[in-house]
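Undergrad: One structure, as structure tokens, below. Some questions next.
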Amino acid sequence: MRKLTENILDKISIDYLRNQVLKNAYGNDDTVIAKMDPRVLLVWYLFFGLVPWFLDDVVLLLCLFLFVAATTKTARIAPLVLFLFCLGVFSQTGYLFIVALFFGGNTETIAPLLVMTLKVAVVSLASITVFSGLDPDRLANGLLWFGCPEQFSFSISFAYRILPVLMEEFQNILLSYRLRGNPPQNRTLIGKIHYLFYQIRMIIQSFYPLMLNTAKRSRTTVEALELKGYRYSVKNPEVKRMKLAMLKVTRSDILFIAVSAVWVGISAGISGLSNII
């Protein structure tokens, strides 16, 4: 029991959380999804992010869920992200089922809750697959090609790039709190629980100075960009053409779209046969 508790505390350490977040954002460059054209991935996500909300067939949604689960496996998503996905989706469904039973529901509420769970799961896994396989530049270029404003595309790219800086700043603030604090003893099980709550309290207290430091860094970054002529470059057609020259649809992109279309067709056929039977 003591060894199990120590392993759990090791898994939820700040260093582990930081490594998992950075791995999911920057550590998937060698996957099949990461090598695809960002325009193809955005169109694919547009389908799997919107169409499931208009479907109510359990079989069809289940087939789509199996497909996006396979793409998520291909994208090599960080275990922490998958754990948070499972915790968020299925705990919310269980909560709604308990509330439905409390207010006079019965086992018939399982079917609509299952439909809702599959919808959220398909859309969530599609989002995780696409945005874990796109680095900041490729994502911004894909959005820019579709006509999004330059400032919007750059804001998304900048948000991705500043993520490691935020994680490093957050860790420095936590270390400063640890140096000035007096943590409880964590030799016993009760002490480990107290130490866990102590860590959570420090994390909450670190957000305010994190926001202040981020605001200072953002101002410095904006001034540096203005000095380098960023405002002029985003309005120059030649600069935009050079940025989008890297985009190219390859054979693997076409194959991915074809496999997705075939799977959706097969899923629709299986759903129709199940309804007939």
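The values are calculated or read from the model by the stated rules, or taken from the named source; none is laboratory data. This structure is a prediction, so every number in the text was calculated from the model and none was measured. Glycine gets a Cβ as well: all are built from the backbone with ideal geometry, and neighbour counts include every protein chain shown.
Undergrad: Can you name every one of the helices (runs of 4 or more DSSP H) wholly within the stretch 176-252 that holds 2 or more residues which are surrounded by 15 or more Cβ atoms within 10 Å (Cβ to Cβ), modelled with pLDDT of 80 or more and out of contact with any His (no Cβ under 9 Å at 6 or more places or on another chain)?
TA: 189-227
Undergrad: State whether one or more residues within the stretch 155-173 are touching an Asp or Glu at 6+ places or on another chain (Cβ under 7 Å) and among the polar types (S, T, N, Q).
TA: yes
Undergrad: Sticking with this structure for a sec: Which residues, counting only those in the stretch 129-174, are of a type in the set (A, V, I, L, M, F, W, C) and farther than 23 Å from Ala215 by Cβ?
TA: Hits for the stretch 129-174 are Val130, Phe131, Leu134, Leu139, Leu143, Leu144, Trp145, Phe146, Cys148.
Undergrad: Within the stretch 239-249, identify whether any single residue is within 30 Å of Met167 (Cβ to Cβ), touching a residue at least 24 places away in the same chain (Cβ under 8 Å) and either of a type in the set (S, T, N, Q) or touching a Ser or Thr at 6+ places or on another chain (Cβ under 8 Å) (or both), and answer yes or no.
TA: Within the stretch 239-249, none of the residues are within 30 Å of Met167 (Cβ to Cβ), touching a residue at least 24 places away in the same chain (Cβ under 8 Å) and either of a type in the set (S, T, N, Q) or touching a Ser or Thr at 6+ places or on another chain (Cβ under 8 Å) (or both).
Undergrad: Can you tell me which residue among Met167, Met116 is under 25 Å from Ser260 (Cβ atoms) and assigned to a helix (DSSP H, G or I)?
TA: Every option except Met116 fails the conditions.
Undergrad: Ok, one more. Restricting to the stretch 71-82, count the residues that are assigned to a helix (DSSP H, G or I), at pLDDT 75 or above and of a type outside the set (A, V, I, L, M).
TA: 4
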